[in-house]
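Bear in mind these aren't lab numbers, they're just calculated from the coordinates by the rules spelled out. Small disclaimer: the values here were computed from a predicted structure and weren't measured. Using ideal geometry, Cβ is built from the backbone for each residue, glycine included, and neighbour counts are taken over all protein chains shown.
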Amino acid sequence: IRDRSPSRGLGDVYKRQIIPITPNYLAAEGFRNLMEMLALIEKHLDEKCEIMGIFINMIESRTRFHKEILAYLADIFGDKLFRASIGKSIRFQEAPNYGKTLLQYDPNLEGSKMYIELAKEVIERSKTVMPRVQVGQEVRV
């Protein structure tokens with residue numbers, strides 16, 4: 001799971017997408033651009049790109065605005081929206097300064113726990129869709 005902008009270009013397009021979205025206008029525009037790009041890929045390269053799921057990051061669940069955004073996104077995406085959403089924390093920015101992942105830096109942080117929950121959801125969804133692979137075979141989810 002790579003948590004970054006959804007409008008990064010063709011280099012990040014895989015057959016199955018896990019898309020992070022931050023609840024703000026610019027992220028929504030980036031998401032719209034990504035959807036247009038996926039449609040172009042399907043049309044011109046004859047390559048099917050599936051959205052495995054969408055997760056919300058940098059959420060401030062205490063604010064009314066973000067609660068409204070969550071409800072709106074749940075209405076739009078339904079079961080494509082992962083249950084786990086990642087909140088904001090300065091600890092996310094501190095971890096790389098110490099050369100550590102978030103889980104290494106602070107495994108008890110609520111954000112660390114939510115990334116673990118997200119990973120569990122991804123694994124569960126992968127079981128229903130991913131084909132069985134041989135050892136050593138590269139798999140991109």
Next item on the list: Starting from the Cα of residue 43, draw a straight line to each of the lysines and keep only those under 19 Å, dropping any in the same chain fewer than 8 residues away.
Entry: 15
Check: For the residue pair residue 116 and residue 71, what label-to-label distance in nm results when each label sits 7 Å from Cα along the Cα-to-beta-carbon direction?
Finding: 3.2 nm
Next item on the list: For every other residue with a beta carbon closer than 11 angstrom to the beta carbon of residue 94, add +1 if it is Lys or Arg and -1 if Asp or Glu, then tell me the sum.
Entry: +1
Margin query: Taking the alpha-carbon distance from residue 113 and a cut-off under 18 Å, which lysines remain once sequence neighbours fewer than 8 residues away in the same chain are dropped?
Written below: 88, 100
Check: How long are the semi-axes of the ellipsoid equivalent to segment 60-119, from square roots of 5 times the Cα gyration tensor eigenvalues, in whole Å, largest first?
Finding: 26, 13, 8
